[in-house]
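All remarks here apply to the structure that follows.
The values are calculated or read from the model by the stated rules, or taken from the named source; none is laboratory data. Computed from a predicted model, the values in this text were never measured in an experiment. FYI the Cβ positions are ideal-geometry reconstructions off the backbone, even for glycines, and counts take in every protein chain you see.
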Amino acid sequence: EAKARGDGGQQRYVAGMESRSAERTRRDAELRRALADEQFVLHYQPVVALPGGDLAGVEALVRWQHPERGLLAPGEFIAAAEDTGLIVPLGRWVLRAAVRQAAAWRAGLGAGAPRTVSVNASPQQLQNPEFAAEVAAALDEAGLPPTCLTLEITESTALGGGATWTTLAALRELGVRVALDDFGTGASTLSLLVDCPVDQVKLDRSFVPGPGRDAIARAVLQLTQAMGVEAVAEGVETAEQAELLTAMGYRRAQGYHFARPAPAEDLFAHRVG
Ligand code: C2E
Ligand code: MG
Ligand code: MG
Ligand code: MG
């Protein structure tokens, strides 16, 4: 349509391109400033044991405390951070903050502390040849045993091959656990579980069972059991879903039915004053 209008339209089209690139530059600058000004915060969501719902671990989930727009969920900025490469320093900050928090809980709560902290990692972080060494340094600095950290990657990250697999092997060598997040939604084949060894599979919340709708949840549990991998059901919102998962044999779950993500200080407020 712009072309059909001739030169004037063409000009408007070019102007549109410029404003998109200007928008990208502005967003990049805003994310950089947010990182420098420490506007990011971590919320933590419990991962619980079934049956019973006892605390087993926590997953760290980043939020942006935006000066004008309020508290932003990752859906509003992670893709932009990945586009601009800023996910690498942001991910570094998330990892260090989560590991420090987990060490503080261990020191302050003892046996009541979450035994594991899970951190989401983006493809670019795994492709960075320094990543495994950075993780080792962060754990060492905080005094957190590597077995207390789980790194969550998606199937598409796991399909990255090459540098990604070298990093995953180095992390597992350290004792860090690796989880395949949102399992079942990606473009992977089941053979990914054989080719790319992981310690945990998180069944995507779109497969949480309901009455007469449990085939995938069952199949994934059987598959993980056969492979000696831990299964976690994500996005459990009702008692009925928790009961179905427990009856099926799931031993780990996460979701609003148990607890919503919350700031560290709210999570154990009743225990640490
Ligand atoms: P995820 O890793 O699969 O995390 C679970 C998401 O599901 C979280 O959304 C959580 O708040 C939400 N959730 C938990 N329980 C329920 C439930 O019962 N029902 C529903 N409907 N949702 C539930 P959130 O915090 O908005 O994060 C979205 C995604 O952003 C995460 O999905 C993860 O892929 C990404 N993300 C979060 N933090 C980071 C980070 O530090 N680095 C990177 N690279 N990605 C992150
Ligand atoms: Mg996750
Ligand atoms: Mg997930
Ligand atoms: Mg997700």
Search result, residues across segment 160-192 that are surrounded by fewer than 20 Cβ atoms within 10 Å (Cβ to Cβ) and either assigned to a helix (DSSP H, G or I) or touching a Cys at 6+ places or on another chain (Cβ under 8 Å) (or both): GLY162, ALA163, TRP165, THR166, ALA169, ALA170, ARG172, GLU173, LEU174, LEU192
Residue in segment 124-147 that is touching a helix residue (DSSP H, G or I) at 6+ places or on another chain (Cβ under 7 Å), at negative phi and in a strand (DSSP E or B) present: no
Enumerated strands (runs of 3 or more DSSP E) restricted to segment 18-121, each holding at least 1 residues that are in contact (Cβ under 8 Å) with a residue 40 or more places away in the chain, within 20 Å of PHE258 (Cα to Cα) and among the aliphatic types (A, V, I, L, M): 40-49, 55-66, 116-120
Count - residues of segment 139-167 that are over 22 Å from VAL47 (Cα atoms) and within 16 Å of ligand 2 (Cβ to nearest atom): 3
Residues located in segment 172-215, provided they are at pLDDT 85 or above, away from ligand 2 (no atom under 12 Å from the Cβ) and among the acidic types (Asp, Glu): GLU173, ASP199, ASP214
Enumeration of residues in segment 215-225 that are buried (at least 20 other Cβ atoms within 10 Å of the Cβ) and within 16 Å of ligand 3 (Cβ to nearest atom): ALA217, VAL220, THR224
Subset of segment 161-190 (residues that are within 25 Å of GLY255 (Cα to Cα) and hydroxyl-bearing (Ser, Thr, Tyr)): THR185, SER188
Among the residues listed as GLY235, GLY212, the single one being small (Gly, Ala, Ser) and within 11 Å of ligand 3 (Cβ to nearest atom): GLY235
From the options GLY228, GLY249, GLY235, residue that is at positive phi, crowded, with 17+ Cβ neighbours inside 10 Å and of a type in the set (Gly, Ala, Ser): GLY235
